[in-house]
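The next block holds one structure in the form of structure tokens; read it before the comments.
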Amino acid sequence: MTTAVGELDLLLTDHHVHSTWSDDAVSSPMENLVAARDTGLASIRMVDHVRTTTTWVPGFLAEVAALPRIDGLEVLTGVEAKILDASGRLDVPDDLVVGPGGVDRILIADHQFPGPDGPWSPRRTLEEMATGLTGQDALDILVTATVRAMGRVGRGQLAHLFSLLPKIGLHESALCDDHLAAIADAAVRSGTTVEVNEKWRCPGPRVVLALAAAGVPLVGSTDSHECSTVGRYSWVSDAASATRLVGTR
Ligand SMILES: [Zn+2]
Ligand SMILES: [Zn+2]
């Protein structure tokens with residue numbers, strides 16, 4: 001079976017690795033680099049959490065740029081930001097540079113539900129769903145906000161796509177084919193990559209196959225917060241096998 005992405009490619013990439021630049025991670029960029037080398041990765045993306053108030057991105061980029069080069073290991077950068085609202089606005093600093101001289105990509109994250117008036121916690125979302133918002137409405141809003149975020153960013157990567165759903169009592173099986181087509185079309189149009197995420201075990205096989213069939217570039221992601229898990233896949237490896245995303249290039 002020929003697909004846009006091979007199993008080998010997925011498992012040799014880890015495009016979502018946090019360092020001590022994030023509040024909740026414990027390893028330095030250097031420790032993550034060594035772990036990526038020791039695991040035999042071909043590509044690592046170093047990523048940390050930002051908000052609109054974040055000021056340290058230049059320091060983070062300088063530290064990554066100063067890391068020693070390792071033959072055969074590509075080092076990329078990014079920041080991870082939540083979708084703030086239904087318009088697809090992202091929680092990034094106004095002066096964030098994306099592209100040459102800045103971060104390579106923005107990871108677009110569903111940490112909260114993108115409500116019409118700003119981010120809703122899972123609890124708030126469940127309350128809205130108890131008082132009139134249907135599951136399909138919620139999925140429509142989430143998918144539309146994600147599509148809009150991709151259009152805004154240009155160089156995006158969908159982080160743990162649909163990890164929010166279980167937190168609001170929904171499952172990927174409730175997504176209709178139009179939802180998947182909308183995500184796939186926007187990703188292809190905007191050059192957005194999509195992670196297959198080990199930590200959150202998402203997106204599932206149906207979504208992965210739909211995206212791969214549409215030509216969306218897929219990457220592996222551990223969402224590591226400490227270096228011992230960098231590049232180490234179990235669920236992603238099984239998912240890649242199950243969906244027969246085996247490279248034939
Ligand atoms: Zn995240
Ligand atoms: Zn993350």
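Some notes on this structure:
- Scope segment 210-225; condition more than 15 Å from ligand 1 (Cβ to nearest atom) and part of a loop (DSSP other than H, G, I, E, B); matching residues: Ala214, Gly215, Val216, Pro217
- With respect to the conditions (1) at pLDDT 95 or above; (2) more than 16 Å from ligand 2 (Cβ to nearest atom), Ala4 lacks only one, and its number is (1).
- With respect to the conditions (1) of a type in the set (D, E, K, R); (2) assigned to a loop (DSSP other than H, G, I, E, B); (3) within 18 Å of Met150 (Cβ to Cβ), Asp95 falls short on a single one, namely (3).
- Beta carbons closer than 6 Å, at least 6 apart along the sequence or on distinct chains, pair a first residue in segment 40-64 that is touching a residue at least 24 places away in the same chain (Cβ under 8 Å) and closer than 19 Å to Ala159 by Cβ with a second that is more than 16 Å from ligand 2 (Cβ to nearest atom) and assigned to a loop (DSSP other than H, G, I, E, B) for Leu41/Leu12; Thr52/Pro93; Thr54/Pro93.
- All told, Asp185 meets the bar of being free of Cβ contacts under 8 Å to residues at least 40 places away in the same chain, under 18 Å from Ile108 (Cβ atoms) and not basic (Lys, Arg).
- Note on segment 143-179: residues that are in a loop (DSSP other than H, G, I, E, B) and away from ligand 2 (no atom under 16 Å from the Cβ) total 7.
- Qualifying residue in segment 35-46 (condition: of a type in the set (Ser, Thr, Tyr) and either part of a loop (DSSP other than H, G, I, E, B) or more than 16 Å from Cys227 (Cα to Cα) (or both)): no
- For segment 100-124, the set of residues classified as within 16 Å of ligand 2 (Cβ to nearest atom), in contact with a Lys or Arg (Cβ under 6 Å, 6 or more places away or on another chain) and farther than 15 Å from Val57 by Cβ consists of Ala109, His111, Gln112, listed by residue number.
- Scan of segment 180-207 for residues that are over 24 Å from Met129 (Cβ atoms), assigned to a helix (DSSP H, G or I) and modelled with pLDDT of 95 or more, ordered by number: Ala181, Ala184, Asp185, Ala186, Ala187, Val188, Arg189, Ser190
The values are calculated or read from the model by the stated rules, or taken from the named source; none is laboratory data. As the structure is a computational prediction, the values presented were derived from the model and not from experiment. Note that we place each Cβ from the backbone using ideal geometry, even for glycine, and neighbour counts take in every protein chain shown.
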